[in-house]
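These notes concern the structure reproduced below.
Nothing in this text is a laboratory measurement; each read-out follows from the coordinates by a stated rule. Keep in mind the model is a prediction, meaning the values are calculated, not measured. Neighbour counts run over all protein chains shown; Cβ positions are idealised from the backbone, glycine included.
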Amino acid sequence: MKLSCFSFKLLFLIFTFTVFLFFAPLSLALDMESTDYKIQYGNVVIGGKDQSSSGYNLSTSIGQVAANEFSSSGYIVKAGFQYLHSIIPFTFSISDINIDLGSLVPNTPSTDTTTLTVSAGGAGGYQVTAIEDNPLQTLAVGNTIPNTSCDSGTPCSIGTADVWTSNDDYGFGYNMAGQDVPVDFTNSTYYRPFADNSASPPDSPVVVMSSSKVTMPTGTPTPAPASERTHESTVTFKVNVSPLQDEGTYQTVIKFTATPIY
Amino acid sequence: MIKYSFNKKIFRILVILFTLFCTIFFISLNQKVHAQLISLSIYPPILKAIMKPGKEIMIAYNIKNLGDPTTLQMLVLPFEPKDNLGNVRIKEEFEGPIRFKLDNTNIELNQPIFLKTGQSQQILLRIRVPEGAPEKDYYYTLFAETDPSPTIEGKTSSRSKARIGSHILITVTKSGNVDIKGKVSLFSVLGNKLPFFGDKISLFDSTDIIPITLIVENNGRNSIKPNGEIILRGNFGERAEYNILSQNILAYSQRQLMATPSAYFSSEKPVSLALSGFFIGKYNLSTKINFGENTPQLYASTSFIALPFKFIIGSFIAIIVGIVIIRKLNDDKDDENDEEEE
């Protein structure tokens, strides 16, 4: 079989087109910025020497250093992060601290939402934890709406969200959506019960938002735009009661704690 | 007479309309007030102090209420590291020898204070290390905690309270010497490792983002701060340097360090550095870390290989498809020629 000039041209065109198809999406994926973080690339310079070592190597250091700044006053104090050079405060907001779940109707879930906002521009990273004082309960008689276990076929726990769509599965729980939320909240049907401070022994508060990333360029005196420093998520509270649930006004308190990373 | 009764009718309608308008207006106004916004800020977000026993310091914090008027209280609680990412586990009971009190004349720890919208409050925190306090590190968090809102009568509800914290890292030392026992516990390229001439090596496509993790362990009794860099060297002489952020590694804990500048790596697992670009061949990565002047330098290295697998596969598919098409075209041409000859 002889390949004509036309055949060569065709082969070349198909080859170029296929290579383009393979590489075009890859080049698009190399975005310089995302909605959450500024992406920075290093300068690659030519002229460096090859490193002779290869594989994996570990080093250990044991020693002491004299604290040169330890003056006669007997103390040294350093405030803020050395690598951020920022005077931006650490800020935490809850859009609505009164979650009104209304008058409950058996087998009819009731929901309400609030928005958590963290601005960690001066800290670089943060975590927000949540814990309830106790399950939803009446003040006078002490009747309780138990924390949810989600749907019977998809049980959830304080550390693992799962599907809760059945109106025949009862309890109180929450869903998270937005930035820096735990990955097990796959979509709006995934719920967890709150960690319970009245349990015996008490549960530990559970992280509902966290980021360990630094959102400001090193040594840059100008802070990143507010949109890059602010992280936002929505908490959806859900309660569903059985027809056997005692009548009453059920209440609880959720404690949200925001701390910067150290 | 007729005119009078007509005006009276209009007046009545106007009164009814006005009442309706006021009712709707105040109902909508009431709903807006119902959503209570809590927004607090604190500065500085972290404080590190090295102190001799018997000494005390006073630190000025600034708390600002950016939300609706609220009552809050200041409290100090100890914490411990929770993981190697800088997250903490707060202990709900105070412990340790360090003593805290406020120097403000009108505010005390654990006592309620009221802040109006936009109001700032300077908190003067006095920290005292008693004589005889053991030489080690002590970790606390200063919190501003709001009171939960009043209960909603007759409705099932969940009320929230907010806490915002600022960490306090205290090193107690008589001599000023700090115990530095750092160790690189992991410096590796994440991903599948394949056997390669008796060794294991990470293999990537040339266009992949290369995730690198660097974990440093602190076996000393004091917190340390690393300084250093991660260096990438390619087999064509390329070289790139990435500075390691000087983050605190608490006593007897590990910390996954972060280097910048870095690409963004979309993964559930946080990484120290993500390299992006077009890589080809073998690349060596090394890291050099120290913990201040006159401290020994830690060294670790690793490597990876990147090859244009996608390009090769794409080219192969293109050639096969091309040959098939050309062969088909030639066969058709031969058939046409045969038909013409006949």
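When only C-alpha pairs under 8 Å and at least 6 residues apart count, what is the relative contact order of chain B, in percent?
14 percent
Semi-axes, largest first, in whole Å: what does sqrt of 5 times each Cα gyration tensor eigenvalue give for chain B?
58, 47, 14
Over all residues in B:284-294, what is the mean tally of Cβ atoms on other chains that come within 10 Å of each residue's Cβ?
3
Taking only the C-alpha atoms, wrap a convex hull around the range A:124-172 and report its volume per residue in Å³ as a whole number.
Each residue corresponds to 105 Å³ of Cα convex hull volume.
Can you pick out the pairs among A:Lys255/B:Lys269; B:Lys193/B:Lys225; A:Lys238/B:Lys116; B:Lys55/B:Lys101; A:Lys213/B:Lys200; A:Lys255/B:Lys136 whose Cα atoms lie more than 22 Å from each other?
Table pairs above 22 Å Cα-Cα are A:Lys255/B:Lys269; B:Lys193/B:Lys225; A:Lys238/B:Lys116; A:Lys213/B:Lys200; A:Lys255/B:Lys136.
Obtain the nm distance between the two label points defined at B:Lys82 and B:Val321 by a simple spin-label model: each point lies 7 Å from its Cα along the Cα-to-C-beta direction.
Taking the simple label geometry, B:Lys82 and B:Val321 are separated by 5.0 nm.
For B:Glu229 and B:Ile313, compute 0.36 nm times the residue count separating them, minus their Cα-Cα distance, and round to one decimal in nm.
Details: separation 84, 0.36 × 84 = 30.24 nm, distance 3.60 nm.
That works out to 26.6 nm of additional length.
At 0.36 nm per residue, minus the direct Cα-Cα distance, what do B:Arg99 and B:Phe196 gain on full extension? Give it in nm, one decimal, please.
That works out to 29.1 nm of additional length.
Rg and Dmax of the range B:34-172 over Cα atoms: what are they, in angstrom?
Cα-based Rg and Dmax for the range B:34-172 come out at 16.6, 56 Å.
What is the calculated FRET efficiency for B:Glu153 to B:Ile16, with r their C-beta to C-beta distance and R₀ = 30 Å, to the nearest 0.05?
About 0.50, to the nearest 0.05.
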